[in-house]
Amino acid sequence: MATPAFLSSPSAPSAGMARQGGGGRCVDVPGVWRGASLGAGMAAGATGDHRVQPSGHAALDAQLPGGGWPLGAMSEVLLAGRGRHEWPLVLPALAAAVARLPGRVVLVAPPHEPFVPVLHAAGLRAARLCWVAPPADARDAAAAWACEQALRCRDVLAVLAWLPGAAPEMLRRLQLAAAQRHALLWVFRTEARRQQASPAPLRLAVAAAEEGEGALQVDVIKRRGAPVTSPVMVPAYGPALESALAASSRSKALRLTAWRQWMASRAAALRRSSALSPQAPVRPFRQSAGDAVPEPGHALGRTAVAAG
């Protein structure tokens, strides 16, 4: 019996399509990935169906297909809290992409206003940002529409969209739009959507690590390849932000030391004046409101401030 034309013999694949795998020959088809492999991937400047942008976190890149965030595909990030952990995760990749390529970074419906000093310290200039604030609704329809229009714009390099209530069909439209333009697309949703179906080829869940505020725990929920059984730890602050925080801490420490010295000299002067005037009543020393020093803290330790 003759073999049908649409069936190929396993021992004789088409020319130019066969390669030697670990257990024998296999066929490479453009746009088709092997489930047991993460794929070789290509750098962001290359051409092909599996271009990536390195995340800037070596431990995370080791678990991402191709070694970075996919270009032309949706990366869905599930958050335990809005406006807290997404920026440390994506900022290194954004800064690297902006330094190499032209185009705007569009923020659609962010819950907080971006804190420009931190973005500037990481290499992301405010002039490259475009903030879109669509009308709020329960299904995020207006925000999803704005995100789709941004993805179809040639001047847009990357889109970050906060769509906690978007329906799966809306996400499919965004996935198709990102694939057509080969743009970077991050969609941030709540942890409550973990069990909901999603067209995103890459899904991550991010939360603060138990070790403290200096690290983030990233769970790879879905990727093109074998499942990830253990979480990935990434730093919550990049080198630029760490340097800025250290400089801020040193400045605050110097101001606090100078304030304490001034208060000590003032108290000593009051004691001397009381000793020279024994008849004068001695009043207890009280700190006035004008002498108060702001509580120590890192204004640069956040990447967003409450809008309005």
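The values are calculated or read from the model by the stated rules, or taken from the named source; none is laboratory data. Since the structure is predicted, the reported quantities are computational estimates derived from the model, not experimental observations. So basically every Cβ, Gly included, is an ideal-geometry build from the backbone, and we count neighbours across all protein chains shown. The area values use the complete protein model at the heavy-atom level, side chains included, leaving out ligands, DNA and RNA. Shrake-Rupley method; radii C 1.70, N 1.55, O 1.52, S 1.80 Å.
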- Message: I'd like to know if region 86-105 contains one or more residues that are among the acidic types (D, E), out of contact with any Asp or Glu (no Cβ under 8 Å at 6 or more places or on another chain), under 22 Å from L163 (Cα atoms) and not in a helix (DSSP H, G or I).
- Response: no
- Residues being open to solvent by less than 30 Å² (accessible area, probe 1.4 Å) and not in a loop (DSSP other than H, G, I, E, B) - total across region 50-60: 3
- Within region 27-34, can one find any residue that is at pLDDT below 70, touching a strand residue (DSSP E or B) at 6+ places or on another chain (Cβ under 9 Å) and of a type in the set (D, E)? yes
- Message: Among the numbered criteria (1) surrounded by fewer than 20 Cβ atoms within 10 Å (Cβ to Cβ); (2) under 14 Å from the mean Cα position of the chain (by Cα), which one does R100 miss?
- Response: (2)
- On the given criteria, is L91 at pLDDT 85 or above, farther than 16 Å from L184 by Cβ and under 12 Å from the mean Cα position of the chain (by Cα)? no
- Note on the structure: Quick count over region 162-188, residues being on the phi < 0 side of the Ramachandran plot, in a loop (DSSP other than H, G, I, E, B) and either basic (K, R) or open to solvent by 10 Å² or more (accessible area, probe 1.4 Å) (or both), is 3
- What residue, of A121, A126, is open to solvent by 40 Å² or more (accessible area, probe 1.4 Å), hydrophobic (A, V, I, L, M, F, W, C), closer than 23 Å to L151 by Cα and at pLDDT below 95? A126
- Message: Can you tell me which residue is nearest to P92 (Cα to Cα) among those in region 149-161 that are within 20 Å of the chain's Cα centre (by Cα) and open to solvent by 10 Å² or more (accessible area, probe 1.4 Å)?
- Response: L157
- Query: If you check E191 against the conditions, is it surrounded by fewer than 22 Cβ atoms within 10 Å (Cβ to Cβ), out of contact with any Gly (no Cβ under 8 Å at 6 or more places or on another chain), within 29 Å of A99 (Cβ to Cβ) and of a type in the set (D, E)?
  - Reply: no
- Query: Residues R154, R173: which one is at pLDDT 90 or above, under 20 Å from P102 (Cα atoms) and among the charged types (D, E, K, R)?
  - Reply: R154
- Message: Which count do you get for residues in region 153-185 that are under 14 Å from A200 (Cα atoms) and without any contact (Cβ under 8 Å) to a residue 40 or more places away in the chain?
- Response: 9
